[in-house]
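Visitor: Just passing along the structure, written as structure tokens.
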Amino acid sequence: RTEFALKEIMSSGGAEDDIPQAERKTVTDFCYLLDKSKQLFNGLRDLPQYGQKQWQSYFGRTFDVYTKLWKFQQQHRQVLDNRYGLKRWQIGEIASKIGQLYYHYYLRTSETSYLNEAFSFYSAIRQRSYYSQVNKEDRPELVVKKLRYYARFIVVCLLLNKMDVVKDLVKELSDEIEDYTHRFNTEDQVEWNLVLQEVAAFIEADPVMVLNDDNTIVITSNRLSETGAPLLEQGMIVGQLALADALIIGNCNNQVKFSELTIDMFRMLQALEREPMNLASQMNKPGMQESTEKPARRENPHKYLLYKPTFSQLYTFLAASFKELPANSVLLIYLSATGVFPSGRSDSEGPYDFGGVLTNSNRDVINGDAIHKRNQSYKEMHCLHPGDLYPFTRKPLFIIVDSSNSVAYKNFTNLFGQPLVCLLSPTAYPKALQDQSQTFALNNPLMAFLFVSGLSSMRRGLWEKCQDYLRKINRDIAQLLTHSRSIDQSFLQFFGDEFLRLLLTRFIFCSATMRMHKIFRETRNYPESYPQLPRDETVENPHLQKHILELASILDVRNVFLENTLDDY
């Protein structure tokens, strides 16, 4: 490629001898860096997707080359313009690749600050109009690069909750797709229109709007903030385990999704992250910190995001997480998946007799939430049964199941005496509320409370007042848990970790709310857990019920809750 570039220079700029040696070297060096960067970038897809250490040195080398390439084209722009014919979209491509590197570094490390870095590069492409001239060239493949850039930028903005930017990008992308399909009459028009539909559904997924006084929408973040989890008070005896790794699995039919991220996966990954910091002031490249700097806080737990995995893929990632789990650490498994039910009656009640949740079979799956087997003599193969998770209970395991057959995981047995908790969604919701899942409540309990109360919008001032009151409720739930005399010790062993503490208190708040709500009247409408929580001390505690009625009074929705719950139990 270098030789080709130099021949191009000769043919466009006269004899080779007319070109100063320094300028020729500049073009040669640029071509070398460009080739090297592409080679390294393409090699990223060959790295193993699981395992946390093998990829880091390769990523470091790739970042080094891209950093040099970016600075080189900035320093020698004029020579490259004149002698190489560097186009603005080519600069955009380099910036886009750097944005992708930061995004993939975020996926591999779960460090949200790298999302800000990806946003910076993607934003610069748009502000400096690097791709603006692409439409003038008669090359559809270049326009597709531009469209893909938009799709990637939208994913990063969604993850950073920059919804205003997302809406602008969607409008621009829509115009670009229309122009592209009009000019080139391509076969991928349907696919790009589907991208637009998916992101539009994703933006509309939250059923409640928080409004400023001027009726603009307030963007609420659901990541862990400094005041997020209830603090451990003196005298609370809890375990010292830390959440180190999480598998977030999405395999629901007909769920809102964008790219390979379902709305449930999106909500859960944010519930396991802290608010991002801006890294610009403290980093040169990922993984490089001044040795004198000490991290101000604990890292986010590492995550694997698995969209519609097969059983083999799921088990491979699970085994990798299990293998690399540090001492005194917890592995979290989050399953948002279609329920698989047992067919016929089984004489036994073992860990493979209650069904489980669907894994991808690499073939077309019938629509609908329940997959029923025809052959009754065998267990469903494309299903993650509770028994499949038994080997991994040799280490502390925290499981969340959001499924129409979540109760299958109530039939667990703690074989090895390690801390083990399963939080299980309702298996059915009242008809009026079927658009949402339990994950919504674990990610944003106040918005879920408003939703089940029939509210679709709220003023910011009242929202903040309710959030303050909810923090008080969470503190009281923490005390109920740690003061309970009959609670299973597994809950307390997980309670020392901020993320797990917040998930547990939110789970209890949501369970108590559903039990008091007038339209949640069937047992299958309630969340459950393994081991069972002592109801009178947690989800049916009179003190907590009083708090929920008080929150309902602040919102003027007390009429949707039962007042006489204390007498019912």
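Visitor: Students often get this wrong, so check it: of K38/K167; K36/K257; K465/K546; K303/K465; K53/K146; K257/K518, which have C-alpha atoms separated by over 24 Å?
Guide: K38/K167; K36/K257; K303/K465; K53/K146; K257/K518
Visitor: Using amide H atoms built 1.01 Å from N in the peptide plane, name the residues 5+ places from M209, or on other chains, whose amide H lies under 5 Å from its own.
Guide: Correct list: S457, M458.
Visitor: I would also like to ask the following. Through the Karplus equation 6.51 cos²θ - 1.76 cosθ + 1.60, θ set to phi - 60°, convert the phi angles of region 441-454 into ³J(HN,Hα) values in whole Hz; use x for Gly and Pro.
Guide: Couplings: 6, 6, 7, 8, x, 5, 5, 5, 4, 5, 4, 5, 8, x Hz.
Visitor: Continuing with the same structure: Could you run the Karplus curve 6.51 cos²θ - 1.76 cosθ + 1.60 with θ = phi - 60° over region 214-229 and give me ³J(HN,Hα) per residue in whole Hz, x for Gly and Pro?
Guide: Each residue's phi maps through the Karplus curve to give 8, 6, 6, 7, 7, 8, 9, 9, 10, 7, 6, 9, 4, 9, x, 7 Hz.
Visitor: Roll a 1.4 Å probe over the protein chains and send me the accessible area per residue for the chain in Å².
Guide: 48 Å²
Visitor: Tell me the mean residue ellipticity at 222 nm calculated for the chain from its helices only (DSSP H runs of n ≥ 4, each -39500 (n - 2.57), averaged over every residue, nearest 500).
Guide: Taking each H run of at least 4 residues, the total per residue is -14500 deg cm²/dmol.
Visitor: I've got another one for you. For the pair Q49 and D29, how long in nm is the line joining their label points, each one 7 Å along Cα→Cβ?
Guide: 4.0 nm
Visitor: Give me the distance between the Cα centres of region 400-479 and region 329-344, rounded to whole Å.
Guide: 17 Å
Visitor: Still on this structure: Does the chain classify as rounded, prolate or oblate by the C-alpha gyration tensor (a ≥ b ≥ c root eigenvalues; a/c under 1.5 gives rounded; else a/b over b/c gives prolate, otherwise oblate)?
Guide: Verdict is prolate for the chain.
Visitor: What aspartates and glutamates does K395 reach when the alpha-carbon gap must be under 18 Å and sequence neighbours fewer than 8 apart in one chain are set aside?
Guide: D245, E324, D488, D497
Visitor: Tell me, in nm to one decimal, what length is gained between R535 and L562 on full extension, where the rule is 0.36 nm per residue of separation less the Cα-Cα distance?
Guide: Roughly 8.0 nm would be gained on extension.
Visitor: Order these peptides, 398-406, 491-499, 170-178, by their mean beta-carbon neighbour count within 10 angstrom, highest first.
Guide: The packing order, highest mean first, is 398-406, 491-499, 170-178.
Visitor: Now a separate question. Output the 0 to 90 degree angle, nearest 10, between the alpha-carbon long axis of helix 2-13 and the longest principal axis computed from the alpha carbons of the chain.
Guide: 50 degrees
Visitor: Here's a follow-up. Fully extended, how many nm does the chain gain between N42 and T413 (0.36 nm per residue separation, minus their Cα-Cα distance)?
Guide: My answer for the length gained is 129.0 nm.
Visitor: Continuing with this model, one more query. Determine how large the accessible area of D536 is when every protein chain is in place; take a 1.4 Å probe and give Å² rounded to the nearest 10.
Guide: 110 Å²
Visitor: Continuing with the same structure: Express in Å², to the nearest 10, the accessible area of D206 obtained by rolling a 1.4 Å probe over the protein heavy atoms while all chains stay in place.
Guide: The accessible area of D206 comes to roughly 70 Å².
Visitor: Carbon and sulfur atoms: what percent of the 1.4 Å accessible area of the chain do they account for?
Guide: Here carbon and sulfur together make up 48 percent of the probe-accessible area.
Visitor: While we're here: Determine how large the accessible area of Y352 is when every protein chain is in place; take a 1.4 Å probe and give Å² rounded to the nearest 10.
Guide: It works out to around 90 Å².
Visitor: Under a 1.4 angstrom probe, counting protein chains only, how are H302, H382 ranked by accessible area, largest first?
Guide: Solvent-accessible surface, decreasing: H382, H302.
Visitor: Going Cα to Cα from K379, which lysines come in below 21 Å? Please leave out same-chain ones fewer than 8 positions away.
Guide: List returned: K308, K410.
Visitor: Please list H543, H517 in order of solvent-accessible area, largest first, computed with a 1.4 Å probe with all protein chains present.
Guide: Result, largest first: H543, H517.
Visitor: Short version: ³J(HN,Hα) in whole Hz for each residue of region 19-25, in order, from phi by Karplus 6.51 cos²θ - 1.76 cosθ + 1.60 (θ = phi - 60°), x for Gly and Pro, what are they?
Guide: 8, x, 4, 4, 5, 5, 5
Visitor: Something else now. Helix 113-127: angle to the longest alpha-carbon principal axis of the chain, degrees 0 to 90, nearest 10?
Guide: 50 degrees
Visitor: Between the helical axis of 88-109 and the dominant principal axis of the chain, each derived from Cα atoms, what acute angle in degrees is found, rounded to the nearest 10?
Guide: 30 degrees
The values are calculated or read from the model by the stated rules, or taken from the named source; none is laboratory data. Remember, it's a predicted structure, so these values are computed and weren't measured experimentally. Every residue, glycine as well, gets a Cβ built from its backbone with ideal geometry; the counts of neighbours run over all protein chains shown. Ligands, DNA and RNA are excluded from the accessible area calculation, which covers all protein heavy atoms including side chains. Shrake-Rupley method; radii C 1.70, N 1.55, O 1.52, S 1.80 Å.
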